[in-house]
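Participant: The structure that follows is given in the form of structure tokens.
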Amino acid sequence: MPGVKSHTVVIPEVQGTVTLEEQGMFRPVRLLVDGKPAHAVDRGQYMLPGKHGVTLTVKLAPSFSQVLPVVVVNGTRYPVGPDLNPGYVVLIFAPMVLVFLGGLIGGLCGGLAAGLNSEIARSQLAAPLKVLVMLAAGAAAVGAWLAVVGLLLG
């Protein structure tokens, strides 16, 4: 599948090879065991074959500092990808300043921009383009907040 990146995770308790597939921006990762989709029991929760015939419950936990979710098995966390650049983490959360400036409306605008920036930071865009698009998302959040406040205050 074009655009899909695979990441193998070494989990000693699991029988087989565990792989996470990135499917692109705004699409969830897929969890595979020996190349076959894992049995999902809930959002982000899977049943995987354990060693000695035991079935394991595995969770994909979001991580603010990781590129991909962290795989959690019996409380043990297995990071999948590299850490995000700390500058990207700052740019992800910068729009959240609107919570303090603009209350509910600012929080909504800032939260949407932070979510978008999180996806952008994890994307395959070139680093300078990531920074520009993340800054533009923050500026758009401020503009949207000002526009809504201007409409409400008339």
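Participant: Can you tell me which residues in the stretch 16-72 are assigned to a loop (DSSP other than H, G, I, E, B), over 13 Å from the mean Cα position of the chain (by Cα) and aliphatic (A, V, I, L, M)? Show your work before the answer.
Facilitator: Just the residues of the stretch 16-72 that are assigned to a loop (DSSP other than H, G, I, E, B), to begin with: 16-17, 23-29, 34-35, 38, 43-44, 54, 62-65, 67-69.
Now restrict to residues that are over 13 Å from the mean Cα position of the chain (by Cα): 16-17, 34-35, 38, 43, 54.
Correct list: Ala38, Val54.
Participant: Just checking, which of Gly110, Gly138, Gly115 is small (Gly, Ala, Ser), under 20 Å from the mean Cα position of the chain (by Cα), in a helix (DSSP H, G or I) and surrounded by fewer than 18 Cβ atoms within 10 Å (Cβ to Cβ)? Full working, then the answer.
Facilitator: Values: Gly110 fails: surrounded by fewer than 18 Cβ atoms within 10 Å (Cβ to Cβ); Gly138 fails: surrounded by fewer than 18 Cβ atoms within 10 Å (Cβ to Cβ).
Only one candidate passes the filter, namely Gly115.
Participant: Restricting the search to the stretch 131-151, which residues are touching a residue at least 24 places away in the same chain (Cβ under 8 Å) and either in contact with a helix residue (DSSP H, G or I) (Cβ under 6 Å, 6 or more places away or on another chain) or assigned by TED's automatic domain parsing to the domain that holds Pro69 (or both)? Break it down stepwise before answering.
Facilitator: Going through the stretch 131-151, the residues touching a residue at least 24 places away in the same chain (Cβ under 8 Å) turn out to be 131, 134-135, 137-138, 140-142, 144-145, 148-149.
Met134, Ala137, Gly138, Ala141, Ala144, Trp145, Val148 - these are the residues of the stretch 131-151 that are touching a residue at least 24 places away in the same chain (Cβ under 8 Å) and either in contact with a helix residue (DSSP H, G or I) (Cβ under 6 Å, 6 or more places away or on another chain) or assigned by TED's automatic domain parsing to the domain that holds Pro69 (or both).
Participant: Given the residues Val10, Val14, Val72, which is the only one that is buried (at least 16 other Cβ atoms within 10 Å of the Cβ) and in contact (Cβ under 8 Å) with a residue 40 or more places away in the chain? Don't jump to the end; show me each part of the working.
Facilitator: On the way: Val10 fails: buried (at least 16 other Cβ atoms within 10 Å of the Cβ); Val72 fails: in contact (Cβ under 8 Å) with a residue 40 or more places away in the chain.
When all the criteria are applied, what remains is Val14.
The values are calculated or read from the model by the stated rules, or taken from the named source; none is laboratory data. Quick caveat: nothing in here was measured; it's all calculated off a predicted structure. Glycine gets a Cβ as well: all are built from the backbone with ideal geometry, and neighbour counts include every protein chain shown.
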